[in-house]
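The values are calculated or read from the model by the stated rules, or taken from the named source; none is laboratory data. Treat the numbers as computed from the prediction; the structure is a model and nothing was measured. Please note: Cβ atoms are built from the backbone with ideal geometry, for glycine as well, and neighbour counts cover all protein chains shown. For the accessible areas, the whole protein counts, side chains as well, though only heavy atoms, and no ligand, DNA or RNA atoms are used. Shrake-Rupley method; radii C 1.70, N 1.55, O 1.52, S 1.80 Å.
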Amino acid sequence: MTVHRDPALVSALADARDLPDGPDRLLALERLAERADAAGDLRSALDARFALIEAYLLHGERWRLVEPVRRCRAAADYRPELLTDDEGRLLLRLQRYAVEALLGTPRVGLDQTRSLLDDLAHRVGADGPDAPTVAELRCRIADHLGDEPTARHWYQRWAGTVGGPSGGCPGCAPARRAELLAGWGEWRAALTELREPTGDAVECTDQPERALVAGLLPELRLGEPERAAEAHVRAYRRHRRERAAFPYLAAHLRFCALGGHLERGLAILAEQLPRLDRPTDDLSAMEFAAAGALVCALAVEAGLGVRTVPRPAYGGRPATDLDVATLGALLLAISNELAGSFDARNGTGHHSGRMAAWLAERPVAAPVPLPADDAGPDAVDAASDSDDGREVATLTIDMITAALDRRGDRYVVDEGATVVGRWGAVVIQFRRAGERGEVLHARAMAARRLPATRRAEAYAFCNAWNHDRLLPKAYAHDLGEELVLAGDVATDLAHGVAPDQLTVLVNAAIATGVAYAEAVAALP
């Protein structure tokens with residue numbers, strides 16, 4: 001069948017993609033999808049919705065995926081020839097994301113999600129490679145609703161399996177299972193899940209920190225506070241900086257509360273409080289607020305209630321200093337409101353009860369000494385206050401690796417003295433360039449590659465990126481049959497660099513490189 005395309009819509013879609021990220025771009029894409037529907041241009045409607053989904057993911061608005069994913073699925077069912085094989089696999093993965101959105105926010109309908117999940121189950125089949133994905137989703141949704149027997153039933157079908165193409169990161173599957181087990185009070189089973197070998201090594205840039213966090217409270221409850229303390233310090237060294245790590249902060253705060261580290265808990269709360277104004281999802285905000293309220297309550301009981309925590313300005317709210325008791329009451333109100341919203345949508349009292357149980361907890365172990373942590377919240381300004389941190393020196397590879405060590409990142413140094421690491425969907429190379437090695441050069445390469453037939457799209461994407469953002473400088477590298485989308489950041493340090501300054505440059509290169517790769521991964 002001939003695929004009808006409206007040239008005006010194709011041109012308008014290209015213009016919308018060139019708009020800077022923000023509400024105007026989202027509105028333009030939403031209107032284009034509706035115009036394409038009215039004009040009968042199904043391909044343009046699909047393109048607009050794929051671009052819209054990409055924009056929602058970039059903005060952390062996964063809860064808005066349900067409707068565009070549903071419409072894409074309906075169009076593909078009506079005209080299967082509209083989708084390439086890659087787009088078909090992408091749509092399955094996006095359908096999983098849309099189902100998972102229920103877990104993070106009460107703004108997604110329960111019936112909508114169940115319909116999408118039933119549809120996904122029908123498409124992958126009972127024995128298909130993605131059947132474990134369906135079992136996992138059914139397990140996690142049942143647990144979210146407070147139906148533990150049903151969750152355990154589906155857990156048995158999910159445990160010990162390897163998910164298919166839409167199954168999410170296999171390297172994080174043990175942590176996801178351990179989180180469920182810990183929520184059911186199965187402390188030893190949770191640690192067994194985390195510590196048992198998983199067979200073939202799986203490359204996952206969220207590990208080992210995510211697994212370390214999943215084991216924090218089980219280790220604490222099973223009498224291993226030293227091991228929990230080491231895991232907390234190591235994982236928080238990384239999680240304190242990454243926006244995507246916001247969901248793990250509640251576990252760090254609960255460790256501090258239940259492990260007796262109230263001073264550190266207050267320091268973490270003060271450092272991370274601004275992120276509560278723009279959380280990654282409502283569930284993480286609810287849990288962060290509840291864990292923070294617990295830290296505050298225990299601090300008041302310990303005589304620390306007169307401490308103050310700065311709350312920065314946001315929107316129309318002025319900056320203010322809150323004493324610990326007042327902050328605890330504020331966080332409790334936020335947690336209760338969000339838990340009530342989840343329960344109203346779900347028709348249960350599960351989350352209100354769960355947060356109340358958190359707030360009733362008391363320390364389960366005597367505090368143990370925490371390992372040294374130069375990057376921790378108790379030493380936020382330690383490097384800046386030291387002469388070593390401010391002393392300017394010639395750029396060296398050792399200085400670059402030291403900056404990554406302070407972040408807690410993993411990397412290798414190849415024979416050409418290039419430092420290589422992977423963060424999520426991006427591989428970043430750090431090296432010294434220039435005649436005297438005075439230039440810090442960071443090259444970010446997105447893990448996703450595009451076929452050479454999409455060369456024009458790749459160039460348009462890079463042009464739009466360079467138009468809207470300063471870093472990294474984006475380009476497409478043609479390998480013949482496929483394209484590598486990469487970006488460069490170069491900083492001339494001919495007059496030397498201080499360790500503190502280099503840390504800022506490395507952080508910026510990684511943050512912008514990750515954002516670039518995520519945008520490439522979200523391309524239709």
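May I ask you to say which residue of GLY164, GLY125, GLY109, GLY160 is touching a Leu at 6+ places or on another chain (Cβ under 9 Å), of a type outside the set (A, V, I, L, M, F, W, C) and more than 24 Å from ASP282 (Cβ to Cβ)? If you could, list the steps in order and put the result at the bottom.
Working: GLY125 fails: touching a Leu at 6+ places or on another chain (Cβ under 9 Å); GLY109 fails: more than 24 Å from ASP282 (Cβ to Cβ); GLY160 fails: touching a Leu at 6+ places or on another chain (Cβ under 9 Å).
Only one candidate passes the filter, namely GLY164.
Of all residues in the range 440-465, how many are open to solvent by less than 60 Å² (accessible area, probe 1.4 Å) and either more than 23 Å from the chain's Cα centre (by Cα) or modelled with pLDDT of 90 or more (or both)?
Going residue by residue through the range 440-465, those that are open to solvent by less than 60 Å² (accessible area, probe 1.4 Å) are 440-447, 450-452, 454, 458, 460-462, 464-465.
After this cut, where a residue has to be either more than 23 Å from the chain's Cα centre (by Cα) or modelled with pLDDT of 90 or more (or both) as well, the list is 440-446, 450-452, 454, 458, 460-462, 464-465.
Going through the range 440-465 one residue at a time, the tally reaches 17.
Would you check if GLU481 is more than 27 Å from the chain's Cα centre (by Cα) and open to solvent by less than 60 Å² (accessible area, probe 1.4 Å)?
No.
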Original post:
Do the conditions hold for GLU287, that is, is it of a type outside the set (Ser, Thr, Tyr), at pLDDT 95 or above and either under 22 Å from GLN207 (Cα atoms) or surrounded by fewer than 21 Cβ atoms within 10 Å (Cβ to Cβ) (or both)?
Top reply: yes
**OP:** Quick one: in the range 353-369, of everything that is within 26 Å of the chain's Cα centre (by Cα) and either under 19 Å from GLU219 (Cα atoms) or not hydrophobic (A, V, I, L, M, F, W, C) (or both), which residue is most open to solvent (accessible area, probe 1.4 Å)?
**Re:** ARG354
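Where in the range 391-470 are the strands (runs of 3 or more DSSP E), entirely inside, with at least 2 residues that are of a type in the set (S, T, N, Q) and within 15 Å of LEU502 (Cβ to Cβ)?
By residue number, no strands (runs of 3 or more DSSP E) qualify.
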Original post:
Of all the residues that make up the range 20-59, how many are surrounded by fewer than 18 Cβ atoms within 10 Å (Cβ to Cβ) and not charged (D, E, K, R)?
Top reply: 9
Original post:
Out of the residues in the range 499-515 that are open to solvent by less than 10 Å² (accessible area, probe 1.4 Å) and touching a helix residue (DSSP H, G or I) at 6+ places or on another chain (Cβ under 7 Å), which is nearest to ARG469 (Cα to Cα)?
Top reply: VAL506
**OP:** Give VAL162, VAL108 a once-over and let me know the one that is exposed (fewer than 15 other Cβ atoms within 10 Å of the Cβ), among the hydrophobic types (A, V, I, L, M, F, W, C) and in a loop (DSSP other than H, G, I, E, B).
**Re:** VAL162
Subject >> Residue within the range 266-275 that is buried (at least 23 other Cβ atoms within 10 Å of the Cβ) and closer than 20 Å to ALA511 by Cα present >> reply: no
Original post:
Taking the range 65-99, which residues are under 27 Å from SER341 (Cβ atoms), touching a residue at least 24 places away in the same chain (Cβ under 8 Å) and open to solvent by 30 Å² or more (accessible area, probe 1.4 Å)?
Top reply: ARG70, ARG71, TYR97
Original post:
Given the range 181-286, what helices (runs of 4 or more DSSP H) lie entirely inside it while holding 2 or more residues that are over 28 Å from GLU518 (Cβ atoms) and of a type outside the set (Ser, Thr, Tyr)?
Top reply: 187-195, 216-221, 225-239, 249-258, 262-272
Subject >> Residue in the range 471-492 that is farthest from ALA447 (Cα to Cα), counting only those that are among the aliphatic types (A, V, I, L, M) and touching a Lys or Arg at 6+ places or on another chain (Cβ under 9 Å) >> reply: ALA490
Subject >> Tally, over the range 250-260, of residues that are buried (at least 24 other Cβ atoms within 10 Å of the Cβ) and not hydrophobic (A, V, I, L, M, F, W, C) >> reply: 2
Original post:
When residues of the range 221-249 are filtered for being under 15 Å from the mean Cα position of the chain (by Cα) and open to solvent by less than 60 Å² (accessible area, probe 1.4 Å), how many remain?
Top reply: 11
Original post:
Within the bounds of the range 96-112, is there any residue that is charged (D, E, K, R), at pLDDT 85 or above and touching a Pro at 6+ places or on another chain (Cβ under 6 Å)?
Top reply: no
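Could you identify the single residue in PRO129, PRO149 that is modelled with pLDDT of 90 or more, open to solvent by 70 Å² or more (accessible area, probe 1.4 Å) and not aromatic (Phe, Trp, Tyr)? Before you say what the answer is, go through the steps one by one.
Working: PRO129 fails: modelled with pLDDT of 90 or more.
Just a single option satisfies the conditions, and that option is PRO149.
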Subject >> Pairs, first farther than 18 Å from ALA159 by Cα and open to solvent by 40 Å² or more (accessible area, probe 1.4 Å) in the range 182-211, second in a loop (DSSP other than H, G, I, E, B) and modelled with pLDDT of 70 or more, C-beta under 9 Å, six or more apart >> reply: ASP206/CYS169; ASP206/GLY424
Original post:
Among the residues of the range 135-146 satisfying the criterion of being in a helix (DSSP H, G or I) and more than 18 Å from VAL124 (Cβ to Cβ), which is most open to solvent (accessible area, probe 1.4 Å)?
Top reply: ASP143
Original post:
If the Cβ limit is 6 Å and pairs must be 6+ apart or interchain, which residue in the range 238-252 that is within 15 Å of ILE510 (Cα to Cα) pairs with which residue that is acidic (Asp, Glu) and not in a loop (DSSP other than H, G, I, E, B)?
Top reply: ARG238/GLU209
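Quick test for you: out of GLU81, GLU30, pick the one residue that is over 19 Å from GLU518 (Cβ atoms) and modelled with pLDDT of 90 or more.
On the way: GLU81 fails: modelled with pLDDT of 90 or more.
Being over 19 Å from GLU518 (Cβ atoms) and modelled with pLDDT of 90 or more holds for just one of GLU81, GLU30, which is GLU30.
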Subject >> Failed criterion for CYS172 (all others in (1) open to solvent by less than 20 Å² (accessible area, probe 1.4 Å); (2) farther than 30 Å from VAL427 by Cα hold) >> reply: (2)
Subject >> Top-ranked residue of the range 394-435 - restricted to ones that are charged (D, E, K, R) and in contact with a Leu (Cβ under 9 Å, 6 or more places away or on another chain), ranked as nearest to GLU87 (Cα to Cα) >> reply: ARG410
